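So the structure is just underneath, and the comments pick up after that.
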Amino acid sequence: MSYFQEAKAHFIASHRNPVNQVLHHLTNLLAIAAVILLFFDWRLTLLCLVLTQVFALGGHAFFEKNEPAFVKYPGITILASLSWSFDHWFGLRQVLDYFTRKSGVGARN
């Protein structure tokens, strides 16, 4: 297993709570927005970066009750997180799965 795959597996194992997952998808969207906003207004970039930390660390403190994955895998955790969000369409897969289960579409009898 490569170092990246190991870091991503640790990241996924550290993010089991659905609320924390949503917060981390939001954090990844804010990180992408921060890069784009850097070309327009550095203050908005700074605000996005602060919010990413508030949401990510708050998700671990209040919902997941564990330490963030970057403690064990500093640096590469950002790439693992973005890869995880892209794998899950920034949370859209979970929303679609939730409504599919609620409506019974595709449910096995």
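The values are calculated or read from the model by the stated rules, or taken from the named source; none is laboratory data. The shown structure was predicted, so the numbers you read here are calculated from the model rather than taken from an experiment. These area figures cover heavy atoms from the full protein model, side chains too; ligands, DNA and RNA do not enter into them. Shrake-Rupley method; radii C 1.70, N 1.55, O 1.52, S 1.80 Å.
Of note:
- Residue list for region 76-93, restricted to those being open to solvent by 20 Å² or more (accessible area, probe 1.4 Å) and over 12 Å from Lys8 (Cα atoms): Phe86, His88, Trp89, Phe90, Leu92, Arg93
- Scanning region 64-92 for residues being part of a helix (DSSP H, G or I) and of a type in the set (D, E, K, R) gives a total of 2.
- In the set Ala34, Ala56, Ala61, only one residue is under 19 Å from Ala7 (Cα atoms), in a helix (DSSP H, G or I) and either within 16 Å of the chain's Cα centre (by Cα) or at pLDDT below 90 (or both); that residue is Ala56.
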